[in-house]
Amino acid sequence: MNKGMCFGVSLGPGDPWLITFMAAKTIEQADVIFLPSAPKENCKVYKIIQHAISEGLIKDISDDKFVCIDTKPMADPKTQGDRYDILAKNVAKLLDEGKNVAFPALGEASLYSTYFYVHERLIERGYSLKVLSGISSVQEICDRLSIALAKGDEQVHIYPDTNELNERLKVNGTKIFMKPKSDLAQTVRHIQEYIVRNPDTKAYGISNCGLENEIIAFNKDELDKLSGYMSVLIVK
């Protein structure tokens, strides 16, 4: 039996209208849509796909095409790699059965997504894979704020957290802080104080980009409105 192919599908930041045509068609045509968390009703990518179906952007999909894996009982909480091994093993099983698998990734699959940890493990095992690019929250927030991510020779620095904030704020160019793992309110206060000391600097932010509970901060004073892990902060 021929092995199936795995597609890493960039789903965009949350708004179903930002899903690319290619991503929508790949999801429709896949034998299995693999979700990296369970239950599926609590999975963000599942909710986005269902929203896209309700908007007529993706054809109706049978619920039995969704496969989700609850890795928490199986993985050592101290070793994130265990979770990726479990996900890769389950995707590999489906591929061995000759099924084409769509693995949706929130935002852009190549930017801090769970998918690429699985992708690398499957590549090592010799499976066929394809990544479909999409719109990241970094791009979308700049468009919503009507600001340029970068102009001319400006540098762009993207950080996966807010660690070493003092040193990172001093770096020239645009600083993007994604998914702050530390206390968000404390991080916001730190950035606001930095801007007071450096009045030529500006800050923006967004929480839950593209989702129903989206919050946008257009300046440093509005950063206090932001809430939750799915937040992005921009300092220019």
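The values are calculated or read from the model by the stated rules, or taken from the named source; none is laboratory data. If you're wondering where the values come from, they're calculated on a predicted model, not measured in any experiment. Only protein heavy atoms, including side chains, enter the accessible area calculation; ligands, DNA and RNA are left aside. Shrake-Rupley method; radii C 1.70, N 1.55, O 1.52, S 1.80 Å.
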Estimated 222 nm signal from helices in the chain, with DSSP H stretches of n ≥ 4 weighted -39500 (n - 2.57), rounded to 500: -9500 deg cm²/dmol
Correct semi-axes for segment 90-207, from √(5λ) of the alpha-carbon gyration tensor and rounded to whole Å with the largest first, are 36, 15, 12
Rounded to two decimals, the Rg over Rh value of the chain from Cα coordinates and the Kirkwood Rh reads 1.01
Rounded tilt (10° steps) of 115-124 against the dominant C-alpha axis of the chain: 50
What does the accessible area per residue of the chain come to in Å², with a 1.4 Å probe and no ligands, DNA or RNA counted? 52
Quick check on segment 25-64: take the gyration tensor over C-alpha atoms, sort the square-rooted eigenvalues as a ≥ b ≥ c, and tell me if it's rounded (a/c under 1.5), prolate or oblate. oblate
Using a probe of 1.4 angstrom, how much of the accessible area of the chain is carbon and sulfur, in percent? 48
Helix 80-96: angle to the longest alpha-carbon principal axis of the chain, degrees 0 to 90, nearest 10? 40
Compute the distance from the alpha-carbon center of segment 153-206 to that of segment 1-48, in whole Å. 32
List, in order, the whole-Hz ³J(HN,Hα) value for each residue of segment 49-59 obtained from phi through the Karplus relation with A = 6.51, B = -1.76, C = 1.60 and θ = phi - 60°; use x for Gly and Pro. 4, 4, 5, 5, 5, 5, 8, x, 8, 10, 4
Rounded to whole angstroms and listed largest first, the alpha-carbon spread of segment 22-159 along its three principal axes comes to 49, 39, 28
Quick one: angle between helix 184-197 and the longest Cα principal axis of the chain, in degrees between 0 and 90, rounded to 10, please. 40
Enumerate the calculated ³J(HN,Hα) couplings along segment 143-159 in order (Karplus 6.51 cos²θ - 1.76 cosθ + 1.60, θ = phi - 60°), each rounded to whole Hz, writing x wherever the residue is Gly or Pro. 5, 5, 8, 6, 10, 7, 5, 7, 10, x, 9, 5, 8, 10, 10, 10, 10
